[in-house]
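Have a look at the structure below before the remarks.
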Amino acid sequence: MKIIISGMMGPGTLEAKLVPLSIVEKIDDIMFVRKKMGPKFLKTNYVVLPSLTNIKFFNILINPILLIRKVLLEKPTLLISYHIIPYGFFVAFAGLITRTPYIISQTGLVIQKHAKRKLFRQFLYFIFKYSFQVNCPGTKSVEYWKSIFPNLEGKFKVLHSTIDTGYFKMDEDISKEYDFIFLGGLQSIKNIDMIIHGFANLICTNSFSTLPKMVIVGSGPEEKQLHALVRDLDLEEHVTFKGFISKPLSYLQESRFLVMDSDSEGLPTAMMQAMACEVVPVTSLVGNIADVVSSGKTGFVHQGKNLKSISETMKKALQTDNETLAKMKIECRNLIVNKHSHQFATSKWDEVLSRLSIIEST
């Protein structure tokens, strides 16, 4: 079985999507049509688009034409898109023209905001209707699409990024250097300034024998402002910036709690990585996070964009007794291993492709 993929993903997300596919026995070859080469994975080859496609107009013009050409030459069994705008439309166009089954994969929640526009919603309905399946990042997204496209409800399935739980795991020999870790892009949508203010409030309003420490791992457009904020709040001894780290395992293993306060999330890979390392989340339940975080069982839940709530929830996490925390850590890891590991996604893909084979043979 040959598969062609169209999409745009960074290194970490590429692994989360491609590794489970690459170990499905039914799949012999994966061809990824994208703007640049990516990391090497089993059975995976990259078809690099002309540099002209880095310009948005030419990408929309050239990408689907080249995709169709590749489909006609290679005759794949299935097309898959990652990101609906524009790649879901590219894959749908190529699939309909060449009569090749296609799957559209939602990655974040931005597409759900676009779906509120009537005309755009009609286009979505069309490409969803003729797809083999629409992969969603979590149950909340599935319910959202079912609510606006009730006659297509059978199309929507939870199948999202997963992680290597053999690699992401706790190491008992590594000491905990940090009480809190933020891992991700330093972007306004992540509300890291609120996290820092909440952390400052935690320190100012409570007595500690040893003051808590936080590490921020990531880079992005908010980096300078966040450094300045830490200086202004006199937190430089308590908050450490590490920049972008391609392999953040050691920082997760050195941390006790992952803290997040995003405006929008599909189901964050960083959270799954942390939980696999038995790092307990402190987060709001935005997007599909409720699929993995249950208050008091697999995490501590704050209200989101609420300074007092963030601070109080961080305090609650720090004050949780060791026995309760140990149980939460085990629950976190077990959940990720059982429902969000590469092996789990491979089994789900195997089911999808078996169903496709049955339909193709009838």
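Once you keep just the Cα pairs under 8 angstrom separated by 6 or more residues, what percentage relative contact order results for segment 178-339? Each step should come with its number before you reach the end.
Details: 270 pairs, mean separation 40.9, N = 162.
Computed value for segment 178-339: 25 percent relative contact order.
In nanometres, what is the gap between the two model label sites at SER354 and LYS113, each 7 Å from Cα along Cα-to-Cβ?
4.0
For the Cα atoms of the chain, what angle does the longest principal axis make with the long axis of helix 118-129, in degrees from 0 to 90, nearest 10?
Once rounded, the angle reads 70 degrees.
So what's the angle, to the nearest 10 degrees on a 0 to 90 scale, between helix 139-148 and the longest Cα principal axis of the chain?
Tilt relative to the chain: about 50 degrees.
Can you tell which of VAL217, PRO150, ASN206 lies farthest toward the positive end of the dipole of the chain, using +1 and -1 charges on the Cβ of basic and acidic side chains (Lys, Arg; Asp, Glu)?
So the residue furthest toward the plus end is PRO150.
May I ask you to order 329-339, 310-320, 111-121 by the average number of other C-beta atoms within 10 Å around their residues, highest value first?
Final packing ranking: 310-320, 329-339, 111-121.
Could you list HIS238, HIS340 in order of exposure, starting from the residue whose Cβ has the fewest other Cβ atoms within 10 Å?
The fewest-first ordering by Cβ neighbours comes to HIS238, HIS340.
If you bin every alpha carbon distance in segment 13-148 into 10 Å steps from zero, what whole percent lands in each bin?
11, 40, 37, 11, 0
Could you compute the net charge surrounding ASP179? Neighbours are other residues with a C-beta less than 12 Å from the C-beta of ASP179; K and R count +1, D and E count -1.
+2
Roughly how large, in nm² to one decimal, is the mean projection of the convex hull of the alpha-carbon atoms in segment 8-55?
Value for segment 8-55: 3.2 nm².
Hey, could you grab the Kirkwood Rh for segment 1-85? Inverse mean 1/r over distinct alpha carbon pairs, Å, one decimal.
13.2
Where a Cα-Cα gap under 29 Å defines reach, which lysines qualify for LYS118, not counting those fewer than 8 residues away within the same chain?
LYS56, LYS129, LYS140, LYS146, LYS155, LYS157, LYS190
Work out the charge dipole of segment 178-339 with +1 on the Cβ of Lys and Arg and -1 on the Cβ of Asp and Glu about the Cα centre, then indicate which of VAL239, ILE192, ALA270 is farthest towards its positive end.
ALA270
Which Rg and Dmax, in Å, describe the Cα atoms of segment 53-128?
Looking at segment 53-128, its Cα Rg and Dmax stand at 12.7, 37 Å.
Rounded to whole Å and sorted largest first, what semi-axes of the equivalent ellipsoid does the C-alpha gyration tensor of segment 178-339 yield via the square root of 5 times each eigenvalue? Before the final figure, lay out the partial values.
Values: eigenvalues 98, 65, 44 Å².
So the three semi-axes of segment 178-339 are 22, 18, 15 Å.
Quick note: the coordinates plus some simple rules give every number you see, no bench work behind them. Remember, it's a predicted structure, so these values are computed and weren't measured experimentally. A quick note on method: Cβ atoms are made from the backbone with ideal geometry, for glycine too, and the neighbour counts reach across all protein chains shown.
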